[in-house]
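Shown below is the structure under consideration.
Please treat every number below as a calculation from the coordinates, not as lab data. The structure presented is a predicted model; accordingly, all values stated were derived computationally and were not measured. Reconstructed Cβ throughout: ideal geometry from the backbone, glycine too, with neighbour counts over all protein chains shown.
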Amino acid sequence: MGPRVQLPPEIQLAQRLAGNEQVTRDRAVRKLRKYIVARTQRAEGGFTHDELLKVWKGLFYCMWMQDKPLLQEELGRTISQLIHAFQTTEAQHLFLQTFWQTMNREWMGIDRLRLDKFYVLMRLVLHESLKALKTRGWDERQTEQLLELLMTEILHPDSQAPNGVKSHFIEIFLEELTKVGARELTADQNLRFIGPFCTVAARTQDSLVLHNITRGVFEAIVEQAPLAIEELMNELEEEEEERDGDTPSREPPEGSVSGAEPDPGKEQAGDDEEEEEDSAGTILQFDYEAVANRLFEMASRQDTPPQNRKRLYKVIRKLQALSEGLFPEDDIPEKAYRNPRGGRRVRMKKRLFESQLQNKTGRAAEEASCPDLSPASGRRRRSAGADPAVPREQPGGRGRRGAPRRRRRPWAGARAKAADGQAPKAKRKRTLEGQK
């Protein structure tokens, strides 16, 4: 027998990551993290593109083999946090690039029962990539590099990304950006983040991508505008109170229940609820006029397809109205704003109700202004009000509702024959059908 061939460490780790036993896979994930830290700390170290593709192949099937939703989410968080083990920005971007390439390559082989776990993995990887950007102070150059990487691998026309990957990425981008940087990012920085989406929406030939960007990015900004402005006003009020020294004391009054010793379990649950409320109540701030101008600049180009220009101009009008202080949902109750996607349904239901109410009032006004005083109309009203539960029978034997039709008079020859005692054949057949 010949000498045993020593496999590269990346292939060995990939084989263990895709093992059948969960203990083997968990141990391989821990060893992979240590291997990444040790290799990227060396000056001559670092991973190549092919090596990271092999690593992601093993991580993909490690996620594939994991059962139970809570364990899947925990494993997805562990895998996504591997980005922080890389010491340089270039290595982190290469790690992200190979991840999205792996998802694009393997997406069509994922069955519907495993889709949810990979949706969660994509969300967590995007979350951690934005966190890595946050640790570097939202550097402008690194922000542009990350956005260029994401657009190239996912939304560029030459990318191999399936529609499922594109749609999910567009849907979760603003959500994850809100979770990571809503408290720190300014309106100019947020405009820089959505700038590539403006470019893609103006140039794309894919109607699905255009619809998803318009609905998931621009219309989401419009629908969240009341909450964003309300939050901004609250911050301004808090700053004024701190400046004036009118901040109320948070100490409970004497003899109050809150002065008692709190229950540890209830206290922790309350802290979790407060954190959830804080994260849910934080909204990204935008300069709506600047967003409208940026979108108009891209949509008004000559190479923009007409259907894209038409769709984007509708969004531009909404953004311009917001910049002037006109809200599209002023008359919607506050509960509709709690769910950004629910306001549209409420607005549609309200419009439908108003149109039905207008039709009813219009008919009532017409009947009141134009009364019919003819004896025939009086007979029709009396006959209609006799028994509303029993439908009136129309000519021809069909029991449909409605006013009776006027019977046609028989021609002169038929009258002559009827006088002789012989009814016409057509008339006889019609009466027979009526009897049936």
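Quick check: net charge around residue 298, other residues with Cβ under 11 Å of its Cβ, Lys/Arg +1 and Asp/Glu -1?
+2
Enumerate the calculated ³J(HN,Hα) couplings along the range 76-89 in order (Karplus 6.51 cos²θ - 1.76 cosθ + 1.60, θ = phi - 60°), each rounded to whole Hz, writing x wherever the residue is Gly or Pro.
Karplus values, whole Hz, x for Gly and Pro: x, 5, 5, 5, 5, 6, 5, 4, 6, 7, 7, 8, 10, 5.
Using the Cβ atoms and a cut-off under 12 Å, what net charge is assigned to the surroundings of residue 9, where Lys and Arg are +1 and Asp and Glu are -1?
Neighbour charge sum, excluding residue 9 itself: +3.
Next question, about the same structure. Across the range 183-193, in residue order, what do the Karplus-derived ³J(HN,Hα) couplings come to in whole Hz, using 6.51 cos²θ - 1.76 cosθ + 1.60 with θ = phi - 60° and x for Gly and Pro?
After applying 6.51 cos²θ - 1.76 cosθ + 1.60, I find 7, 10, 6, 8, 5, 5, 5, 5, 5, 5, 6 Hz.
Roughly how many debye, to the nearest 20, is the charge dipole of the range 98-246 about its Cα centre, given +1 on each Lys and Arg Cβ, -1 on each Asp and Glu Cβ, and no other charges?
Around 1340 debye, computed over the range 98-246.
Exceeding 32 Å between C-alpha atoms, which entries from my cross-link table qualify? They are 166/318; 131/314; 117/314.
131/314; 117/314
Still on this model: Around residue 191, what is the net charge, scoring Lys/Arg as +1 and Asp/Glu as -1 over all other residues with Cβ under 11 Å from its Cβ?
-1
Any idea which of 113, 142, 201 is furthest toward the positive side of the dipole for the range 90-207, if Lys and Arg beta-carbons carry +1 and Asp and Glu beta-carbons -1?
The listed residue farthest towards the positive side: 113.
On to the next question. If we sort 26-37, 300-311, 138-149, 210-221 on the protection proxy, mean other Cβ atoms within 10 Å, highest first, what's the order?
Top of the packing list down: 210-221, 26-37, 138-149, 300-311.
Explain nothing, just compute: Karplus ³J(HN,Hα) = 6.51 cos²θ - 1.76 cosθ + 1.60, θ = phi - 60°, for every residue of the range 207-218 in order, whole Hz, x for Gly and Pro.
5, 5, 5, 4, 5, 5, 5, 4, 7, x, 10, 6
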